[in-house]
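The values are calculated or read from the model by the stated rules, or taken from the named source; none is laboratory data. This is a predicted model, so every value here is computed, not measured. Neighbour counts are summed over all protein chains in view; Cβ atoms, including those assigned to glycine, are modelled from backbone coordinates with ideal geometry. For the accessible areas, the whole protein counts, side chains as well, though only heavy atoms, and no ligand, DNA or RNA atoms are used. Shrake-Rupley method; radii C 1.70, N 1.55, O 1.52, S 1.80 Å.
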Amino acid sequence: MSNVLLEVKSAKLTRDTEMIGKMDPYCSIKTHVRDFKTHTANDMGKHPVWNEFFEFGFNPQEIVHFTIYDKDDSSGDDFIGEGSINMADALYGEVFNREYPIFYKGQNCGHLTVGIKVLGPTPGYPPQPGYIPQPGYAPQPGYPPQPGYPPQPGYPPQPGYPPQPGYPPNK
């Protein structure tokens with residue numbers, strides 16, 4: 001079984017839970033076997049940057065859920081929004097800087113930027129055996145040169161264009 005390396009890079013949020021000051025966002029990630037959490041991006045407001053890596057077992061049918069919170073020491077953490085990442089996105093190679101939408105009460109409130117890399121062989125279709133080369137076609141003989149069409153009767157020959165004058169000499 002392969003592992004996947006999920007990089008939680010950053011977020012662009014349109015929802016702000018703070019009346020005064022800037023939010024302190026963090027991202028919580030829930031996989032089929034483990035939960036992860038980024039560090040708190042203190043005073044980063046609506047543009048947090050985490051650049052954190054998380055490794056777990058790769059299951060292409062899995063949907064990884066993420067939730068963004070605003071850390072509050074005086075009261076409970078405020079819910080900013082949530083979304084999901086389809087691990088099948090990584091079946092066809094490494095994913096760089098993919099943006100996944102974040103929702104709050106069904107309304108878009110930003111996006112989370114992640115990178116996904118499968119470590120080891122990617123599950124999916126088994127390797128296919130090589131195909132037997134098909135025999136080529138025998139070389140075809142060339143065609144003989146074709147004669148031109150004769151002038152058509154009833155039409156006078158067309159005159160050529162008259163010679164064109166050159167540019168005037170430079171002075």
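Taking the numbered list (1) touching a residue at least 24 places away in the same chain (Cβ under 8 Å); (2) touching an Asp or Glu at 6+ places or on another chain (Cβ under 9 Å) in turn, Val95 passes all entries but (1). No other residue among Gly120, Gly124, Gly93 is open to solvent by less than 80 Å² (accessible area, probe 1.4 Å), modelled with pLDDT under 70 and not basic (Lys, Arg) apart from Gly124. Val114 passes every criterion in (1) open to solvent by less than 30 Å² (accessible area, probe 1.4 Å); (2) free of Cβ contacts under 8 Å to residues at least 40 places away in the same chain apart from (2). Being modelled with pLDDT of 95 or more, in a strand (DSSP E or B) and open to solvent by less than 30 Å² (accessible area, probe 1.4 Å): is that true of Tyr100 here? Yes: the conditions hold for Tyr100.
From the list Phe36, Phe54, which one is more than 22 Å from Asn108 (Cβ to Cβ) and within 22 Å of the chain's Cα centre (by Cα)? Step through it out loud before you land on a result.
Details: Phe36 fails: within 22 Å of the chain's Cα centre (by Cα).
Being more than 22 Å from Asn108 (Cβ to Cβ) and within 22 Å of the chain's Cα centre (by Cα) holds for just one of Phe36, Phe54, which is Phe54.
Looking only at residues of the range 5-33 that are within 21 Å of the chain's Cα centre (by Cα) and among the hydrophobic types (A, V, I, L, M, F, W, C), we find that the one that is farthest from Phe79 (Cα to Cα) is Leu5.
Restricting attention to the range 16-67, the residues that are open to solvent by less than 80 Å² (accessible area, probe 1.4 Å), among the polar types (S, T, N, Q) and at pLDDT below 95 total 3.
Counting only residues that are under 17 Å from the mean Cα position of the chain (by Cα), part of a strand (DSSP E or B) and of a type in the set (A, V, I, L, M, F, W, C), the range 64-97 holds 3 of them. Do you know which residues across the range 57-84 are touching a residue at least 24 places away in the same chain (Cβ under 8 Å), out of contact with any Asp or Glu (no Cβ under 9 Å at 6 or more places or on another chain) and either under 19 Å from Lys12 (Cα atoms) or among the aliphatic types (A, V, I, L, M) (or both)? Hits for the range 57-84 are Ile63, Val64, Gly81, Gly83.
Got a sec? Which of Gly115, Gly136, Gly142 is small (Gly, Ala, Ser) and either on the phi > 0 side of the Ramachandran plot or modelled with pLDDT under 70 (or both)?
On the way: Gly115 fails: either on the phi > 0 side of the Ramachandran plot or modelled with pLDDT under 70 (or both); Gly142 fails: either on the phi > 0 side of the Ramachandran plot or modelled with pLDDT under 70 (or both).
Just one listed residue meets the conditions, Gly136.
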